[in-house]
Amino acid sequence: MPAFSLDPPQSAWCAELRALAAERLRPLAEKGEPGHVNRALVAELGQLGLLERLFTSGAVDLCLMRESLAYACTEAETALALQGLGAHPVHAHGTPAQRERWLPRVADGTAIAAFALSEPAAGSDAAALELRAEAGASDPVAEPEGGARWRLTGEKCWISNAPEADFYTVFARTTPGAGARGVTAFLVPADRPGLTGTGLDMLSPHPIGTLSFDAVPVTADDVLGEVDRGFRVAMGTLNLFRPSVGAFAVGMAQAALDATLAHTAQREAFGGKLKDLQSVAHQVAEMALRTEAARLMVYAAATAYDEGAADVPKRAAMAKLLATETAQYVVDQAVQLHGARALRRGHLLEHLYREVRAPRIYEGASEVQRGIIAKELYATREAAQ
């Protein structure tokens with residue numbers, strides 16, 4: 001696919017997704033309880049076949065889905081994205097038994113997935129995580145089949161879909177003092193003994209919580225990928241999903257831009273329409289310029305991922321950074337041009353204003369993305385010398 005344009009079938013599919021989001025998904029989203037998993041909404045995403053596409057399509061299709069859904073229903077977009085984020089490590093690194101047990105249920109919306117990487121003292125610095133996977137004797141009471149090889153002890157924090165998910169992709173330290181090289185990924189069902197969680201009251205409407213691991217038993221059958229190589233599992237997942245976080249942001253920015261175009265074209269002020277004021281027209285042009293630039297970078301990064309390019313980490317970081325910062329700018333300017341009406345509860349821009357802040361932090365804050373970009377640039381320079 002060309003990196004910088006959509007072909008007619010893709011454009012038609014995006015229009016269909018926007019219509020589905022507005023007509024079938026938004027009503028379900030509005031019935032959901034903020035801060036809790038909306039299982040009816042997830043099930044509908046499964047019925048529409050969108051969750052299945054998480055495992056059968058590439059990064060470009062993922063971005064198309066996330067941008068299109070975000071434009072009309074951010075809750076549906078987030079529900080889809082969280083299913084993908086939590087289950088992608090199973091799809092990419094799971095054993096046949098793990099995949100057979102969980103992926104069909106994720107795809108039909110009957111099992112909720114979660115990606116458990118961040119910790120209270122290791123959010124942006126993921127390589128510093130401290131959740132311990134300690135080898136220990138097996139306890140015959142309430143053990144997984146085959147007995148425990150490790151016990152997970154510690155906490156995870158800021159975990160989307162926690163504590164209501166049905167299983168978690170958990171990253172734990174199997175080798176102390178080894179940094180990123182001593183982390184292992186585990187698939188941990190929510191019903192394991194010793195695993196508890198608490199929801200957090202956050203600005204974003206989707207569920208986010210903490211997880212507490214009190215000697216939670218896991219076995220070799222729960223490992224995703226290889227022991228001590230779990231950081232690669234995490235970074236591989238983030239390299240796929242970071243451009244699509246950018247697509248989510250672009251969808252919100254486009255929704256804010258379109259709302260602003262409609263408002264300024266009809267709003268009477270100072271003896272004419274708002275759009276006739278040069279200061280307003282130039283501001284709208286700047287919003288459109290930045291939105292399109294972000295969109296191009298997102299789809300260029302997604303195309304690079306699908307083609308197996310060597311510079312995916314840099315491109316993914318650039319796409320997420322530019323798009324999320326752009327969306328924050330565009331939504332803020334849209335609020336400014338709408339005035340006080342945009343701050344009323346229930347207004348589209350009031351909703352977007354709350355939603356747009358978090359993507360600059362999760363899956364690597366903007367500062368982390370800048371660090372990744374710089375690291376990759378210097379590594380490329382050194383390799384060329």
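Values quoted throughout were computed directly from the atomic coordinates according to the rules given, and no laboratory measurement underlies them. Keep in mind it's a predicted model, so treat the numbers as computed, not measured. Neighbour counts run over all protein chains shown; Cβ positions are idealised from the backbone, glycine included.
Roughly what angle does helix 366-384 make with the longest principal axis of the chain, taking Cα atoms, 0 to 90 degrees, to the nearest 10?
80
Could you tell me the calculated FRET efficiency between GLU292 and ARG101, based on Cβ-Cβ distance and R0 = 41 angstrom, to the nearest 0.05?
Values: r = 43 Å, r/R0 = 1.05.
It comes out at approximately 0.45.
Give the cross-link partners of LYS375 among the lysines, using a straight C-alpha distance below 30 Å as the criterion and excluding same-chain residues fewer than 8 apart.
Cα-Cα hits under 30 Å: LYS156, LYS314, LYS320.
Stretch ALA180-ALA340 to full length: gain in nm at 0.36 nm per residue minus the Cα-Cα span?
52.8 nm
What size of dipole, in debye to the nearest 20, comes out for the chain about its Cα centre when the only charges are +1 on Lys and Arg C-beta atoms and -1 on Asp and Glu C-beta atoms? Working shown, then result.
Numbers: 37 positive and 46 negative charges, 156 e Å.
Charge dipole, the chain, about its Cα centre: 740 debye, nearest 20.
Counting other C-beta atoms within 10 Å, which of GLU67, GLU350, GLU16 has the fewest, and how do the rest follow? Provide the component values of the computation, followed by the final result.
Details: GLU67 27, GLU350 16, GLU16 11.
Ordered by Cβ neighbours within 10 Å, fewest first: GLU16, GLU350, GLU67.
If you take every residue apart from ILE372 with its C-beta less than 13 Å away from the C-beta of ILE372, what net charge results, scoring Lys and Arg +1 and Asp and Glu -1? Mind dumping the intermediate values first?
Numbers: positive: ARG242, LYS314, ARG315, LYS320, ARG370, LYS375; negative: ASP125, ASP311, GLU363, GLU367, GLU376.
Computed value for this residue: +1.
Going by C-beta contacts inside 10 Å, put PHE248, PHE270 in order with the fewest on the left.
Values: PHE248 30, PHE270 9.
Starting with the residue having the fewest Cβ neighbours, the order is PHE270, PHE248.
So if each residue of separation counts as 0.36 nm, and I subtract the Cα-Cα distance between ASP108 and GLU268, what length gain in nm does that give? Write down the numbers at each step before the final one.
Working: separation 160, 0.36 × 160 = 57.60 nm, distance 4.85 nm.
Contour length minus the Cα-Cα distance gives 52.7 nm.
Considering only ALA70, ALA234, ALA111, give the residue with the highest GNM mean-square fluctuation for the chain, with springs between Cα atoms whenever their separation is below 10 Å.
In this elastic network of the chain, the residue with the biggest mean-square fluctuation among ALA70, ALA234, ALA111 is ALA111.
If the chain between SER279 and ALA92 were fully stretched, how many nm would it gain, using 0.36 nm times the residue separation less the Cα-Cα distance?
Values: separation 187, 0.36 × 187 = 67.32 nm, distance 4.98 nm.
That works out to 62.3 nm of additional length.
Rounded to the nearest 0.05, what FRET efficiency is calculated for ALA374 and ALA215 with R0 set to 30 Å and r the Cβ-Cβ distance?
Values: r = 40 Å, r/R0 = 1.34.
The pair ALA374/ALA215 has a calculated efficiency of 0.15.
Rank the residues SER244, SER11, SER279 as a footprinting-exposure proxy: fewest other Cβ atoms within 10 Å of their Cβ go first.
Working: SER244 32, SER11 12, SER279 9.
Lowest to highest Cβ neighbour count: SER279, SER11, SER244.
Ignoring everything except DSSP H segments at least 4 long, calculate the 222 nm mean residue ellipticity for the chain; use -39,500 (n - 2.57) per segment, divide by total residues, nearest 500.
Working: 12 runs with 198 residues, N = 385.
Value at 222 nm, helices only: -17000 deg cm²/dmol.
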